[in-house]
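Undergrad: Structure provided below as structure tokens; questions to follow.
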Amino acid sequence: MGSLGLKYLLDSVVLIDHFNGIEAATAFIAEHGSQCAISVITRAEVLVGFTGETEPLALELLNVFAALPVTAEVADLAAALRRTQRWKLPDALQAAIATHHGLTLVTRNTRDFSTGGTPDVLVPYRV
């Protein structure tokens with residue numbers, strides 16, 4: 001298990017799916033939420049979709065999860081992953097944070113991430 005007793009790093013799309021009423025995303029969060037963290041990247045990406053009026057709803061859920069930062073070590077790993085995988089910077093940062101903390105990245109983004117690579121990836125549902 002990763003740092004802080006955590007197992008999973010939730011990718012932005014899982015939380016966005018939850019807020020959009022995708023039952024499979026909500027079910028994953030309900031079942032595994034205590035083992036999940038988010039990155040500061042995910043926090044920012046999710047909050048972009050809310051207005052000042054609706055933002056408290058998002059913050060109520062986001063504040064449940066530890067928000068893992070981008071450190072110098074994470075940034076260096078993200079740069080290496082971006083070079084080798086040709087990922088966009090936010091995806092490389094997500095992968096680096098998951099890898100650095102020994103967490104499984106939970107996503108449905110199979111275009112950029114695949115199981116069996118770096119980081120360890122779980123695709124719990126498809127839309």
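No value in this document is a laboratory result; all are computed from the given coordinates. Quantities reported herein were computed from a predicted structural model and do not represent experimental measurements. Positions of Cβ are backbone-derived with ideal geometry, glycine not excepted, and every protein chain shown enters the neighbour counts.
Undergrad: Could you tell me which residue out of LEU89, PRO124, HIS101 lies farthest along the dipole of the chain toward its positive end? Charges go on the beta carbon: Lys and Arg +1, Asp and Glu -1, centred on the Cα centre.
TA: The residue sitting most towards the positive pole is LEU89.
Undergrad: Which of these values of Cα extents along the principal axes in Å was calculated from the structure shown: [x] 39, 28, 28; [y] 42, 35, 23; [z] 39, 34, 29?
TA: Answer by label: [x].
Undergrad: Most exposed first by the Cβ proxy, i.e. fewest other Cβ within 10 Å, how do LEU105, LEU9 rank?
TA: LEU105, LEU9
Undergrad: Then there's this: Run through segment 28-112 and list the chymotrypsin sites (Phe, Trp or Tyr not before Pro) located in a DSSP loop whose Cβ has at most 16 other Cβ atoms within 10 Å.
TA: PHE50
Undergrad: Taking H as built 1.01 Å from N, whose amide H comes closer than 5 Å to the amide H of LEU68, not counting residues under 5 places away?
TA: Amide H neighbours of LEU68: ILE38, SER39, VAL40.
Undergrad: Let me ask something else. Taking only C-alpha pairs under 8 Å that are 6+ residues apart, what is the relative contact order of segment 3-122 in percent?
TA: Values: 156 pairs, mean separation 36.6, N = 120.
About 31 percent, as a whole number.
Undergrad: Then there is this: Please arrange HIS18, HIS32 by how many other C-beta atoms lie within 10 Å of their C-beta, fewest to most.
TA: HIS32, HIS18
Undergrad: Between exposed trypsin sites (Lys or Arg not before Pro) in the chain, where DSSP calls loop and at most 13 other Cβ atoms lie within 10 Å, what's the longest gap?
TA: That gives 1-85 as the longest site-free run.
Undergrad: Taking other Cβ within 10 Å of each residue's Cβ, how do TYR8, TYR125 sort, fewest first?
TA: Ranking TYR8, TYR125 by Cβ neighbours within 10 Å, fewest first, gives TYR125, TYR8.
Undergrad: Please list, in chain and number order, the residues 5+ apart from VAL121 or on another chain whose amide H is under 5 Å from its amide H, with Hs placed from the backbone.
TA: HN-HN under 5 Å from VAL121: LEU105, GLY116.
Undergrad: Take each complete run of DSSP H in the chain, measure how far its Cα atoms stretch along the helix's own axis, and keep only those covering 18 Å or more with mean Kyte-Doolittle hydropathy at least -0.5; list them.
TA: 72-85
Undergrad: Compute the distance in nm between two label points, each set 7 Å from the Cα along the Cα-to-Cβ direction, one at LEU57 and one at GLU23.
TA: Using points 7 Å along Cα→Cβ, the separation is 2.0 nm.
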